[in-house]
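I have placed the structure first, in the form of structure tokens, so that the comments after it can refer back to it.
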2 protein chains.
Amino acid sequence: MIRKVLVSAALTGAMLTGIASYSMINAQENKIAAAKFNADGAVSIPQNWRQWVFIGTPLTPNALNDGKAPFPEFHNVYIEPSAFAHWKKTGKFANGTQIAKELVLIRQKDKDEMNKDGSTGEVSGVGYFQGKLTGLELTVKDTVRYPNEPGGWAYFSFGHSAPPYAKTAKAFPTDSCNACHEASAQDDFVFTQFYPVLRAVKPK
Amino acid sequence: MIRKVLVSAALTGAMLTGIASYSMINAQENKIAAAKFNADGAVSIPQNWRQWVFIGTPLTPNALNDGKAPFPEFHNVYIEPSAFAHWKKTGKFANGTQIAKELVLIRQKDKDEMNKDGSTGEVSGVGYFQGKLTGLELTVKDTVRYPNEPGGWAYFSFGHSAPPYAKTAKAFPTDSCNACHEASAQDDFVFTQFYPVLRAVKPK
């Protein structure tokens, strides 16, 4: 009886701190690879996100946004492979889905070689080229852990500077990211309108 | 004796048509996954290139190049994973290396919503967003099959239009691609100056 109570208390505690959601999501969602969370709720930096499935790169240069683009870098966006497989099969983002975006500065040259619009001239033409890596962000859909976040999506930053990035990150407040995703993203808070690889495999 | 001659003739024939190079490269280069070639020398479209390692996206819009950019689309560039592992270990492109680039049109809107520089305004700012998929190209380094191509690199196109792409492709003449790669690419005919993911893992 004592043991039963302890186990029950441990389970309740785990559920309150969110530890239990890790395996619950796995069970629910056909083995979607889950993000790792610490006891204090911080998420760990993903392993090998650059070997996840790349889905697209939006670019909004500062020079085209009065010098203050909300997102002045290239965003190389990746989805975790098991979540990609689920999307391909169902057209939905499974609970547990992880999407990472790595920030990349526009390639810079000496001042007199930079165009007013922030572009540079290279052998292949005038345009925008990927310079230095400068940050990593992550979003995780987890309706168990984040029942109060719209769609269950929480957003994290591992820093906006050159690697190495931070090893853990805490979720942003809802208004920082989710509000905009909710208003304008095409599929379940994800901007699939900017991600041709996701659109290409979405079931009809 | 007759059998021996036949085998010998078959081997010579295979080497002349290049079939033998497939396994020779594998043996030489620590199991680099080799491209598949038909008997007539055409290469087969890669399997699952979108799950290769993404390395970068250059963008040279038509509007910034007098309406006639040599490469007016986003280029999503990927390297085959075993070749990536070799690069990460050695800083060199192994014989057998495959690099694919998928072409993606800049997102279009109605004419009155398009800016002069070809950009569009979205919720995240004014810039360039990835629209429709529009082509696939491949380069293969194979000094056995292409002893006369500079660096052993041959270049292929599976079409410049929406998927599905062609199933096979023949190598371009050397001058079409290789000359420019030879003159301006930073590492062994590859434009690593535009590929932050390759630069990030290159051994020092």
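The values are calculated or read from the model by the stated rules, or taken from the named source; none is laboratory data. Just so it is clear, the structure is predicted and the values come from calculations on it, not from any experiment. Backbone-built Cβ (ideal geometry, glycine too); neighbour counts: all protein chains shown. When the accessible area is computed, the model is the full protein with side chains, heavy atoms only, and any ligands, DNA or RNA have been set aside. Shrake-Rupley method; radii C 1.70, N 1.55, O 1.52, S 1.80 Å.
Residues of the stretch B:37-80 that are of a type in the set (A, V, I, L, M) and assigned to a strand (DSSP E or B): B:V43, B:V53, B:I55, B:L59, B:V77, B:I79. A count restricted to the stretch B:42-70 and to residues that are closer than 21 Å to B:A83 by Cα and without any contact (Cβ under 8 Å) to a residue 60 or more places away in the chain stands at 6.
Residue by residue, here is whether (1) modelled with pLDDT under 95; (2) under 25 Å from A:F194 (Cβ atoms) holds:
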{"site": "B:D66", "(1), (2)": "no, no"}
{"site": "B:P70", "(1), (2)": "yes, yes"}
{"site": "B:F74", "(1), (2)": "no, yes"}
{"site": "B:Y78", "(1), (2)": "no, yes"}
{"site": "B:A83", "(1), (2)": "no, no"}
{"site": "B:K92", "(1), (2)": "no, no"}
{"site": "B:T97", "(1), (2)": "no, no"}
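Can you pull out every residue in the stretch B:158-204 that is open to solvent by less than 30 Å² (accessible area, probe 1.4 Å), away from chain A (no Cβ under 14 Å) and under 14 Å from the mean Cα position of the chain (by Cα)? Of everything in the stretch B:158-204, those that are open to solvent by less than 30 Å² (accessible area, probe 1.4 Å), away from chain A (no Cβ under 14 Å) and under 14 Å from the mean Cα position of the chain (by Cα) turn out to be B:F158, B:G159, B:A169. Taken together, the criteria exclude A:L133 from residues that are within 11 Å of chain B (Cβ to nearest Cβ), among the hydrophobic types (A, V, I, L, M, F, W, C) and either under 17 Å from A:G56 (Cβ atoms) or in a helix (DSSP H, G or I) (or both).
In the condition set (1) at pLDDT 95 or above; (2) within 15 Å of the chain's Cα centre (by Cα); (3) buried (at least 19 other Cβ atoms within 10 Å of the Cβ), A:A42 is compliant with all but (3). Cβ-Cβ contacts under 6 Å between residues 6 or more apart (or on different chains), taken from a first residue in the stretch B:113-127 that is more than 9 Å from every other protein chain (Cβ to nearest Cβ) to a second residue that is open to solvent by less than 20 Å² (accessible area, probe 1.4 Å) and part of a loop (DSSP other than H, G, I, E, B), are listed as B:G118/B:P61. Taking the stretch A:86-120 as the range and being of a type outside the set (D, E) and either touching a Cys at 6+ places or on another chain (Cβ under 6 Å) or within 16 Å of A:V140 (Cα to Cα) (or both) as the test, the residues that pass are A:H86, A:W87, A:K92, A:F93, A:A94, A:N95, A:G96, A:T97, A:Q98, A:I99, A:A100, A:K101.
The condition (being closer than 23 Å to A:A100 by Cα, at pLDDT below 95 and either assigned to a strand (DSSP E or B) or more than 14 Å from the chain's Cα centre (by Cα) (or both)) is satisfied by just one residue among A:M24, A:M15: A:M24.
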